[in-house]
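Inspection log for the structure reproduced underneath, given as structure tokens.
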Amino acid sequence: MKSFLIIGMGSFGHHLCRSLSKLKCEIMVVDREESAVEDVLPLVVSAKIGDCTNPEVLRSFSVKSFDTCFVCMGTNFQNSLQITSLLQEMGANRVLSKADEDIHAKFLLRNGADAIIYPEKDIAERIAIEESSDNIFDCMELGDGYFIMEINPRKEWLGKTIREMDFRSRYRLNIMGIKQDGVLKLMPDLNYAFREGEHLMVMGTEEDILKVAKE
């Protein structure tokens with residue numbers, strides 16, 4: 001079972017805490033305000049009240065014991081930067097910091113963050129991709145420009161197999177699964193023939209997937 005430290009219990013911190021709880025993870029939450037942690041007490045192993053910009057407060061949490069430390073501060077970027085740097089200095093295994101702007105992300109990465117969380121930006125990009133085409137039903141970003149998207153098969157594919165289409169070479173995409181009537185079949189073999197009414201789970205760059213989905 002993995003363990004996580006969440007610093008900053010604003011809206012994003014709450015959503016993250018509840019999601020990790022559903023996955024049966026061990027969670028410690030920290031905020032300056034007692035009222036910010038009261039509603040998640042049944043979901044966490046421990047809830048602390050304190051100012052994590054104070055090194056002594058942060059050190060008391062034994063940050064090395066957590067698999068990942070999340071820095072989910074609200075609008076106070078200076079505090080977020082300071083806490084991220086302190087976590088890195090104290091030997092935290094992995095630090096993920098929330099950012100709202102690219103310039104903030106650059107400073108956080110330079111000061112100890114292993115990765116950046118862009119809640120609003122990520123959601124906006126996902127909605128934009130899904131709504132930009134009637135053939136895209138869901139998408140998930142993998143990083144480095146790669147996505148998994150759920151798309152309709154094109155009409156000219158119907159009845160043909162993955163092998164006949166030479167799908168990977170022709171479109172530079174990998175088919176990760178086929179969804180038919182809500183049932184997902186993972187990693188179909190090369191002899192699978194495309195059918196009307198199904199959805200394909202394809203992995204590739206955003207550019208390559210959108211080219212197929214919009215043509």
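Laboratory data are not the source of any read-out in this text; all were calculated from the coordinates shown. The model shown is predicted, which means the values in this text are computed figures rather than measured ones. When we count neighbours, we look across all protein chains shown, and the Cβ atoms used for this are built from the backbone with ideal geometry, even at glycine.
Sorted ascending by nearby beta carbons within 10 Å, beginning with the fewest, 53, 205 become 205, 53. Its relative contact order, with pairs defined as Cα atoms under 8 Å and 6+ residues apart, puts region 83-209 at 20 percent. Helical content alone sets the calculated 222 nm signal of the chain at -9000 deg cm²/dmol, taking -39,500 (n - 2.57) per DSSP H segment of four or more residues and averaging over every residue. Ordering 95, 37 by the number of other Cβ atoms within 10 Å of each residue's own Cβ, fewest first, gives 37, 95. Ordering 70, 146, 42 by Cα displacement along the dipole of the chain toward the positive end leaves 146 in first place; charges were set at the Cβ atoms of Lys, Arg (+1) and Asp, Glu (-1). Computed over region 3-117, the P(r) tail beyond 24 angstrom holds 15 percent of alpha carbon pairs.
Distant-in-sequence amide contacts of residue 48, defined by a placed amide H-H separation under 5 Å and a gap of 5 or more residues or a different chain, comprise 29, 30, 31.
Put a dot 7 Å past the Cα of residue 39, heading toward its Cβ, do the same for residue 76, and the two dots end up 2.1 nm apart. Using the structure shown, select from 2/48; 155/179; 24/48; 98/214; 98/185; 22/98 the pairs with a Cα to Cα distance greater than 24 angstrom. Cα-Cα > 24 Å for 98/214; 98/185; rest within. Rounded to the nearest 20, the size of the Cβ-charge dipole of the chain about its Cα centre is 660 debye, with Lys and Arg at +1 and Asp and Glu at -1. Using the Cβ-Cβ distance between residue 154 and residue 127 with R0 set to 25 Å, the FRET efficiency works out to roughly 0.60. For residue 18 and residue 164, the FRET efficiency from 1/(1 + (r/R0)^6), where r spans their Cβ atoms and R0 equals 45 Å, is about 0.45. Of the Cα atoms belonging to the chain, the radius of gyration and Dmax stand at 21.5, 66 Å. Every pair of different Cα atoms in region 122-214 enters the Kirkwood calculation, which places the hydrodynamic radius at 13.3 Å.
How about region 30-67: which GluC sites (Glu not before Pro) there lie in a loop by DSSP and see at most 13 other Cβ atoms within 10 Å? Passing both the DSSP loop test and the Cβ count: 33.
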